[in-house]
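Read through the structure below, which is laid out as structure tokens, and then see the notes.
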Ligand SMILES: Nc1ncnc2c1ncn2[C@@H]1O[C@H](COP(=O)(O)OP(=O)(O)O)[C@@H](O)[C@H]1O
Ligand SMILES: [Mg+2]
């Protein structure tokens, strides 16, 4: 197993707040890695640093051994690293088809002037990418809603559309930010199946959930953070028994109970 | 879906072909109005590339229109360059200006970009008035611009000029339609709707936006050449800030990213005022009210862009 993504002492501050501090972990090829931690622990911030949305203030991020610290999101995308967002970010004025087609942006080889002139090669590529978009829609059971406005659909379906869009990029690694958030039980069970199906196709997955149970079910390896720092790492069994993890989650529930 | 799109194209082609007959049906002053419609339609469509498709608040678009007009006027009157040879140069210079001016601003939020582009327009008009190097003719502008000739044929009559304008409008319409169905045009829509999501899909925002500015400016430059020929004179007053406001309003009122919408907007803003000329000052009042009404009742524009499946 080779390391696909490595975080090495990564940190970032917002004002005085150290949102992520000296965080290191590795995602190996073919794994499903879960990143968990209470709300506000810094999980989304970690994803934003990996995908170039934020620039880390300290440490290094490596992709297949190459330093990609501080690279811009569009460059990160060219590496085969795709993400979803905690708050679903579909293109609101577009159909499901158009949203998923957007995932093929980098697959399109046409130059802008070929497009403006509608040259045969460009038209051919459009037809090919449309066909590939329909393939993915079928695979994720979205063909029946292909023409529907994306944001008019139920949450669970929108999540699937966002997933389909990341898969269109033929990623090596996809990172999913709380994909189960806002889903009902049936929808999140279906989501778990989809995640497994994606892994079957050879895609590595880094998954954030603040719900421990979901992550425990699907992850090969789990990293736990609290207040921006790693507090534990290992498989589901060892994590479940880890005193620091229990403390972090129980401690949080105590706080909530105290606040209530 | 596919059949409908073809029908839309056919209808457009039919209307355009019917338009070719206008000089046989109208007297020369109306043919001139039709020619101005074609010229302003190209300009408004070029603003739509930047504002309607890419969502960048360009409130100084008359600058690129003006650059095209001045390039043709200067080259033709001082160096005797044939009009149709000045046309690619006008487009190229306008595109370069669009790319260069927008480069430092492209990351700005909409409201800041808007104010900065207003600044460009003010500077451009001032520069033309000040007659730098004695080449722009100051406030009076440049007169005596020649007529275009095509295959040795002088396009002197108003009808001939109209056909030239109409033919180029047809080409621009085809380009705009192709923009809808190519990766570059789609990338503009991604950026307009969600720049962060677009960038994580690999859309290079800086490159795509700069290209949009250059393309929009180039098409405005093309319209500028036609404008200079139609009037046979150019002066700063044709490219003032209020012209940019009108172009901006056409796109918003007509429907962003919608070809029929922008054409309808152009007709309402430039042709209808000619019809109601007698009402003089009142027409702006009526327009003001109409614009407010459209924005309140139909904020997506009169003929909004259709969502397409494939
Ligand atoms: N852009 C930002 N500016 C300021 N603070 C931020 C920003 N992004 C995240 N934070 C802060 O960093 C901390 C971690 O947030 P986040 O990564 O969203 O947590 P999680 O995803 O684990 O719930 C929070 O205190 C949050 O308020
Ligand atoms: Mg989060």
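The values are calculated or read from the model by the stated rules, or taken from the named source; none is laboratory data. None of these values were measured; they are calculated from a predicted model. In this analysis, Cβ positions are derived from the backbone assuming ideal geometry, glycine residues included, and neighbour counts consider all displayed protein chains.
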| remark: Sole miss for residue A:118 among (1) farther than 21 Å from residue A:205 by Cβ; (2) crowded, with 19+ Cβ neighbours inside 10 Å; (3) in the same structural domain as residue A:164 (by TED's automatic domain parsing) is condition (2)
| message | Looking at segment A:15-22, can you tell me whether even one residue there is without any contact (Cβ under 8 Å) to a residue 40 or more places away in the chain, outside any strand (DSSP E or B) and either more than 15 Å from residue A:175 (Cβ to Cβ) or more than 16 Å from ligand 2 (Cβ to nearest atom) (or both)? | response | yes
| field | Flag for residue B:188 being within 21 Å of residue B:87 (Cβ to Cβ), modelled with pLDDT of 95 or more and more than 9 Å from chain A (Cβ to nearest Cβ) | value | no
| remark: Filtering segment A:54-88 for residues that are buried (at least 18 other Cβ atoms within 10 Å of the Cβ) and within 16 Å of ligand 2 (Cβ to nearest atom) leaves a count of 5
| message | I'd like to check something: does segment B:61-71 contain any residue that is surrounded by 24 or more Cβ atoms within 10 Å (Cβ to Cβ), in a loop (DSSP other than H, G, I, E, B) and under 19 Å from the mean Cα position of the chain (by Cα)? | response | yes
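Residue B:167 - would you say it is in contact with a strand residue (DSSP E or B) (Cβ under 9 Å, 6 or more places away or on another chain), more than 14 Å from chain A (Cβ to nearest Cβ) and free of Cβ contacts under 8 Å to residues at least 24 places away in the same chain? Working first, answer last.
Details: in contact with a strand residue (DSSP E or B) (Cβ under 9 Å, 6 or more places away or on another chain): no; more than 14 Å from chain A (Cβ to nearest Cβ): yes; free of Cβ contacts under 8 Å to residues at least 24 places away in the same chain: yes.
No; evaluated as a whole, the condition is false for this residue.
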| field | Criterion: surrounded by 15 or more Cβ atoms within 10 Å (Cβ to Cβ), assigned by TED's automatic domain parsing to the domain that holds residue A:4 and modelled with pLDDT under 90 - qualifying residue of A:180, A:232 | value | A:180
| Is there a residue in segment A:31-45 that is more than 16 Å from ligand 1 (Cβ to nearest atom) and under 17 Å from the mean Cα position of the chain (by Cα)? | yes
| query | Across segment A:167-209, what is the total count of residues that are within 16 Å of ligand 1 (Cβ to nearest atom) and assigned to a loop (DSSP other than H, G, I, E, B)? | reply | 5
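Taking segment A:176-191, which residues are more than 13 Å from ligand 2 (Cβ to nearest atom) and either over 25 Å from residue A:237 (Cβ atoms) or in contact with a helix residue (DSSP H, G or I) (Cβ under 6 Å, 6 or more places away or on another chain) (or both)?
Listed by number, the residues that qualify are A:183, A:184, A:186, A:187, A:190.
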| Where residues in segment A:98-115 are in contact with a helix residue (DSSP H, G or I) (Cβ under 6 Å, 6 or more places away or on another chain) and surrounded by 22 or more Cβ atoms within 10 Å (Cβ to Cβ), which of them is nearest to the other protein chains (Cβ to nearest Cβ)? | A:115
| field | Matching residues, segment A:23-47, being in a loop (DSSP other than H, G, I, E, B) and within 16 Å of ligand 2 (Cβ to nearest atom) | value | A:37, A:38, A:39, A:40, A:41, A:42
| query | Within segment A:46-67, restricting attention to residues that are away from every other protein chain (no Cβ under 14 Å) and closer than 18 Å to residue A:204 by Cα, which residue is nearest to ligand 1 (Cβ to nearest atom)? | reply | A:46
| For residue A:158, which of the numbered conditions (1) part of a loop (DSSP other than H, G, I, E, B); (2) more than 10 Å from chain B (Cβ to nearest Cβ) fails to hold? | (1)
| message | If I filter segment B:233-240 for residues that are farther than 27 Å from residue B:301 by Cα and either assigned to a helix (DSSP H, G or I) or within 12 Å of the chain's Cα centre (by Cα) (or both), do I get at least one hit? | response | yes
